[in-house]
Each structure stands twice: as C-alpha cells, then as structure tokens.
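Structure, as structure tokens:
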Amino acid sequence: MADTTAPSTTAPSTTAPSSTTTPGRRKAVSLTRAPTWAWALPPVLVLALGFLYPLALVVRQSFTPESLEGGGASLTPYTEVFASTVFREALTTTVWLAVGATVGCLVLGFVLALVIAFVPFPGGKAVARFIDVFLSFPSFLITLALLFIYGSVGMANGAWTGATGAAEGPFHFLTTPWGVLLAEITYFTPFVMRPLLAAFSQLDTAQLEVASSLGAGPVRIVRQVILPEALPALAAGGSLVLVLCLNEFGIVLFTGAKGVTTLPMLVYSKAILESDYPAACVVAVVNIALSVGLYSLYRVVSRRAGA
C-alpha cells in the first residue's frame, strides 16, 4: 500500500519569520530599557557648557575684586557699582526706555494690527507677510535707516537746508534718548503685531457682525469684543518687547547717543573701554536679574489670567 502522506513544505517557513524579527524586537527592547537620565544627559550637557558655565563665571567674577589677592569672594564690587552715579543713571535710563518703548509698541502695534486684520485695502496680505520678514532684520539696520532720514546730514535736514538756506537742519533728536526711543518702537512694534495678527485670525467674525447689527460703533466693538480677545497676545508681545528692550545694545550704539547709557552699554564700557571686569560682571548680573524677574512675573500673571 502506497504512502499517501505528502511531504511537509511549510515547516521551514514557519520558523523563518522568527529569525528575521528577533533582532528588531531586541533593538526595541534595548531602547526602551535605557535609563531616563541617559536621554536627558546630552541636552543638559549642552545647556551647561553653552550657557550655565559662562553664566557661573560671570557671577563668580562679580564677587572677585581685582584688588583682592588670592581670588577670594567679596561684596566690594557690588557696593562700589551700586554707589556710583553712573550705574544709577544707567539703570533709570534702561528702565524708562524699556517701559516707554513697550507702551509705544503696544499702542502702535495694536492699531496697525487692527487696520491690517479688519480694514480691507489693496496689498494687505503682502503687508502681513512683510511683518514676518521684518522680524528677521537686525536692529542696527533700522537705526541706519533712521540716520539716513533724520541724521545731521540726512534727507530731512538736507531738504530743510535746501529750502530755507539755513546752515543746518532742525532734526537732531536721534542722538538723544528720544531718538533711541523712536528707533526701539520702530524696530520692536512688529514683535507685538505678529501675535496680535495670529489672535485676530482666530476671532469669530460672527461676533463682530452681531455687535454691529445691535448698533455698536467701531470704537465700542474694539473695546468690548476685539480687545478682550487680544489681551493674551498683547501680554505675550509686550513682555517680549520689554525684555528685549532691557537688553538692547545695537540701537543705542548705532544712534550715536553719547549721553544715553543703558545697562548693556555700561557693561561694554566697563569691560572693553575701562577693563574693569568685576564691575562689568556686576552690571551684567543686575541686567540678567531684571530680565529673569520680569519674565517670571509675566509667567505668573499669564498663568493667573489663563493666557
């Protein structure tokens, strides 16, 4: 009697997949079994070497006066800097310029964002896109543009002297604190407009139509409908501008305002011109403390407001 049992041809195929998938499974298991701290180690090292270590050196140098032999710590650099009139004037100038520029950017940015978002005009979309491009411009470029217009030999003074025959034009405000304030408002206003335009794009136009149908005028619509929706964006843009203005160096330098000394300019003067590194580090620590303190205050306020 013949054997009717067919030879098995499927047996080899049943074991092949296991041999091909095993390495992949082992790799996945080995990745998931890696300790958590191993994944956090590379970014922590980069942050420590690139930022925390230089910052620690600045703080250490601020407690090390040059007159103290052996490199010991002392509060002498802080007492000397805080007692100086130059530091107090620089701190006052920095704060009022930053606050003034922030207020100006908030007002001007809100008005311009309203026009771009809700007033149809030819080229409105192109203007909105240009704001994104403007954010990439360096600050000194805006300052140079203002110098070409309002500088001592700029277009405005040239037109005045050509029309009146005077020896010089009347525009000399760029070398004053008001010129620095104008340059900062001009440069930082788009930093307020960008989040505002994003917030306005999310606003339901039906609310505006309902308010208008109920007889509300444009001012009332802005005050009661648009402004409440824009408050988080205003807070975000305003806090960013405030911190950036506190640390702005290029605008003050390129305006040539010799009588305007801010904290960043004082750091430059102490470190580069006077070679007083402990004093420069003290001013830098104060500037960092102001920036971090304002940012922390913003985070607390925005969290409570639900922004």
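When segment 209-221 is examined, which residues are found to be assigned to a helix (DSSP H, G or I) and open to solvent by less than 40 Å² (accessible area, probe 1.4 Å)?
Matches in segment 209-221: A211, I221.
Which one of the conditions (1) aliphatic (A, V, I, L, M); (2) modelled with pLDDT of 85 or more; (3) over 24 Å from M265 (Cβ atoms); (4) open to solvent by 30 Å² or more (accessible area, probe 1.4 Å) does A167 fail to meet, given that it meets all the rest?
Checking A167 against (1) aliphatic (A, V, I, L, M); (2) modelled with pLDDT of 85 or more; (3) over 24 Å from M265 (Cβ atoms); (4) open to solvent by 30 Å² or more (accessible area, probe 1.4 Å), the one that fails is (2).
Has segment 116-136 got at least one residue that is free of Cβ contacts under 8 Å to residues at least 60 places away in the same chain and open to solvent by less than 30 Å² (accessible area, probe 1.4 Å)?
yes
Residues are listed down the side, and each one gets a yes or a no for (1) β-branched (V, I, T); (2) free of Cβ contacts under 8 Å to residues at least 12 places away in the same chain:
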| residue | (1), (2) |
| --- | --- |
| F148 | no, yes |
| A156 | no, no |
| A159 | no, yes |
| L174 | no, no |
| I185 | yes, no |
| F191 | no, no |
| L197 | no, no |
| D204 | no, yes |
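Just to be sure before I move on: is A257 over 23 Å from F118 (Cβ atoms), touching a Gly at 6+ places or on another chain (Cβ under 7 Å) and in contact (Cβ under 8 Å) with a residue 60 or more places away in the chain in the structure I sent?
For A257, the condition - over 23 Å from F118 (Cβ atoms), touching a Gly at 6+ places or on another chain (Cβ under 7 Å) and in contact (Cβ under 8 Å) with a residue 60 or more places away in the chain - is met.
Does segment 170-185 hold any residues that are surrounded by fewer than 20 Cβ atoms within 10 Å (Cβ to Cβ) and of a type outside the set (A, V, I, L, M, F, W, C), and which are they?
Within segment 170-185, P170, H172, T175, T176, P177 meet the criteria.
Might you check whether a residue that is in a loop (DSSP other than H, G, I, E, B), surrounded by 11 or more Cβ atoms within 10 Å (Cβ to Cβ), modelled with pLDDT of 50 or more and touching a Gly at 6+ places or on another chain (Cβ under 7 Å) occurs anywhere in segment 91-105?
No, segment 91-105 has no match at all.
Could you check how many residues of segment 64-82 are at pLDDT 85 or above and either assigned to a loop (DSSP other than H, G, I, E, B) or open to solvent by 70 Å² or more (accessible area, probe 1.4 Å) (or both)?
The qualifying residues number 3.
How do the helices (runs of 4 or more DSSP H) wholly within segment 229-307 filter down when requiring 2 or more residues that are among the polar types (S, T, N, Q), open to solvent by less than 20 Å² (accessible area, probe 1.4 Å) and modelled with pLDDT of 85 or more: which remain?
Numbers: elements: 250-255, 263-268, 277-305.
Filter on segment 229-307 gives 277-305.
Only one of these conditions is not met by Q202: (1) open to solvent by 50 Å² or more (accessible area, probe 1.4 Å); (2) over 14 Å from the mean Cα position of the chain (by Cα); (3) within 20 Å of V286 (Cβ to Cβ). Which number is it?
Here Q202 clears every test but (3).
The values are calculated or read from the model by the stated rules, or taken from the named source; none is laboratory data. The structure displayed is predicted, hence computed values, not measured ones. Note: ideal-geometry Cβ built from the backbone for every residue, glycine included; neighbour counts use all protein chains shown. Only protein heavy atoms, including side chains, enter the accessible area calculation; ligands, DNA and RNA are left aside. Shrake-Rupley method; radii C 1.70, N 1.55, O 1.52, S 1.80 Å.
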